[in-house]
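Shown next, in structure tokens, is the structure this report addresses.
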Amino acid sequence: MSEPAEADRPSSQVLPHELPASLRDAGLANWIREPLDDAVDRRRRIIMPPAAAVLGTPASAYQGDLVAEAHQPDTVFMMGDNPALPKLPPQPTLKDFFLLRFRERARRHLLQSARVARENGLGEEVIMACLLHDIAIAGLLSANHGYWGAQMVRPYVDEEVAWAIEKHEALRYFPDEAVGYTYPEAYIDYFGPDYQPPDYLRREYQAARQHRWYMTSRLITVNDIYSFDPDAVVDYDEFEDVVGRNFRQPEEGLGFDGSGVAHMWRTMIWPNNFL
């Protein structure tokens, strides 16, 4: 079959009207996606930045401009599959989210952390917790990621694993020299030498110290800070056996099993939906 003539190929050009200067100045041009060559309906799609992403920034003032842009001809708000993202299967598994939704750096970190835990001879509860501890950062939200992550996985893992993921949010700020955990040097770089965690995290830490599963959560932090090697290659399949024994994959697929957290997984399937 011969190649189609250039004139017959679908255009990937933005529609002729110019973007409002306010959106260009705010750096929001990329929130308006021109149609990809393989898009069926050839319409531009507006991605409305979620409030959590832009509050406290100048971009939060431009919701009205984006709404106005959606009134342009052949322009709609993004709903359903974003052609720029790989499409998940109808019944997505944890592996599908790892490979098709989680950001690469975060995915590498989780896999490295789980491998370090396994090489250190730790039990499967700790390995599973390390594999999942930052999934909220990987695919949803960074702020309060321990709490988000624990909530996301609680229906599918043993409560010890979910608890450990939740409490590592606080434990990572507080050293435990008995197990070789010191305050991460990276946090001094990230937050400054004078940063102090808020009182609620101090209370969480103090309560977690007295809990029977303290060490499960503490071992997440121990196997966490050494797991950012950019040259290390870890394949998800290395942990298929651990996941199979420790993660209750719903038959309907994550996001469609009617659980109280299904909406969080659907948000990662369609992260750019307007509503």
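The values are calculated or read from the model by the stated rules, or taken from the named source; none is laboratory data. Since this is a predicted model, take the numbers as computed values, not measurements. Don't worry about glycine lacking a Cβ; one is built from the backbone with ideal geometry, like all the others, and counts go over all protein chains shown. For accessibility, only protein heavy atoms count, side chains too; no ligands or nucleic acids. Shrake-Rupley method; radii C 1.70, N 1.55, O 1.52, S 1.80 Å.
With all protein chains present and a 1.4 Å probe, how do Y187, Y195, Y226 order by accessible area, largest first?
On the way: Y187 30, Y195 75, Y226 145 Å².
Ranked from most to least accessible, the order is Y226, Y195, Y187.
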request  = Evaluate the relative contact order of the chain (contact order divided by residue number), counting alpha-carbon pairs under 8 angstrom at least 6 apart; express in whole percent.
outcome  = 21
key: Qualifying GluC sites (Glu not before Pro) in the stretch 199-275, DSSP loop, other Cβ atoms within 10 Å at most 11   = E251
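What's the carbon and sulfur percent of the stretch 153-262's accessible surface, probe 1.4 angstrom, rounded to a whole number?
Details: 2880 of 5830 Å².
The value for the stretch 153-262 is 49 percent carbon and sulfur by accessible area.
Could you give the size of the charge dipole of the chain about its Cα centre, using +1 on the Cβ of each K and R and -1 on the Cβ of each D and E, expressed in debye and rounded to the nearest 20?
Rounded to the nearest 20 debye, it is 600 debye.
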request  = Give, to the nearest whole percent, the P(r) tail of the stretch 144-275 beyond 23 angstrom, counting all Cα pairs.
outcome  = 46
request  = Provide the solvent-accessible area of Y190, counting protein heavy atoms only and rolling a 1.4 Å probe, rounded to the nearest 10 Å².
outcome  = 130
message = Per residue, how large is the accessible surface of the chain? Use a 1.4 angstrom probe and give square angstrom.
response = 54
key: Percent of alpha-carbon pairs separated by more than 15 Å within the stretch 194-266   = 76
key: Exposure rule at most 16 other beta-carbon atoms within 10 Å, DSSP loop trypsin sites (Lys or Arg not before Pro): the chain longest free segment   = 104-211
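Tell me, in nm to one decimal, what length is gained between D235 and Y183 on full extension, where the rule is 0.36 nm per residue of separation less the Cα-Cα distance?
Numbers: separation 52, 0.36 × 52 = 18.72 nm, distance 2.91 nm.
Value of the extension gain: 15.8 nm.
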request  = Specify whether the C-alpha gyration tensor of the stretch 50-119 places it in the rounded, prolate or oblate class, a ≥ b ≥ c being the square roots of the eigenvalues: rounded for a/c under 1.5, otherwise prolate if a/b is larger than b/c and oblate if not.
outcome  = oblate
remark   = For the chain, the Cα gyration tensor yields equivalent-ellipsoid semi-axes (√(5λ), largest first, whole Å) of 39, 23, 17
